[in-house]
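Scroll down for the structure; my scribbles are underneath it.
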Amino acid sequence: MVLIDDSHASQASIPFLRSGVTTLIKKMAAMQPAPQFGLMTFGDRPTKRAELSPAAGPALDAAEKLFAIAGTGSYFLQAIGETCKELKKRSAVNPIIVAFVAESGPEFSNESHEQISEALRSVGASLWVVDLSIADQPDRTTEEHERAQVLGAVTLDSGGLTRTVISTQSIDPAFSSLAAVLTSRYLVTYARPEQTIPPSTVVVTTKRSDVRLTSSRWPR
């Protein structure tokens, strides 16, 4: 599921979002087997623009029609929560949520980062974010602080990452970068003796200094 911030803060980003999301979907649609795709926006309120579908067409059409809603704020955390409910209802296997967030805009979700962490963990979903950041945010609201926690620790714990950009021109390359990572992942299964205590976290490391690993810390 692709989640896009179409609030007022994304107005200057829309042309780059249309291109970047289209690139992401097309690259992932070339996988064998291809995943299902859906698209939701969360300016003003979470709104489904394309239902989850084995065909990429509806999500691509929705990406081409993206526009910013004047005078609105973001409901990013609420959109994640609603997406997790749908993924659970569909019994999704290895679900991925890819999001774009414009941090300069206000966040109005009521959910905490702990609730979002539990929602992602309950469905085994990883969260991947392109974050259009601003240099200084001294007066964050409680809701914006919770969003920052999700963009940081929660994203990493889920097995995803946040790609931070500081200009709209970097949005398209950031989506291409995420697509490259998402299309080259491995599914690794770990086994343990049944009589041992179930682990609460999983930590995957590498001795290579030139390699960065992303892996869920949540056992399934």
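What follows is calculated from the coordinates using simple rules that are stated; it is not laboratory data. Quick caveat: nothing in here was measured; it's all calculated off a predicted structure. All Cβ positions, glycine included, derive from the backbone under ideal geometry; neighbour counts span all protein chains shown.
Order of 144, 107 from fewest to most other C-beta atoms within 10 Å?
144, 107
Which one, 191, 179, 68, has the greatest fluctuation when you compute a Gaussian network model over the chain with C-alpha springs under 10 angstrom?
191
Rounded to whole Å, give me the distance from the Cα center of segment 73-139 to that of segment 157-220.
Between the Cα centres of segment 73-139 and segment 157-220 lies a distance of 16 Å.
Which of 197, 166, 116 moves the most in a Gaussian network model of the chain with Cα springs under 10 Å?
197
Around residue 162, which amide H atoms from residues at least 5 apart in sequence, or from another chain, sit under 5 Å from its own amide H, with H modelled in the peptide plane?
129
Can you compute the modelled spin-label distance between residue 167 and residue 191, with each label point 7 Å from Cα toward Cβ, in nm?
Placing both labels 7 Å beyond Cα along the Cβ direction yields 5.2 nm.
Identify which of the listed values of Rg/Rh (Cα atoms, Kirkwood Rh) was calculated from the structure shown: (1) 0.99; (2) 0.96; (3) 0.94.
The value computed from this structure is option (2).
In a Gaussian network model over the chain where Cα atoms closer than 10 Å are linked, find which of 46, 193, 58 has the largest mean-square fluctuation.
193
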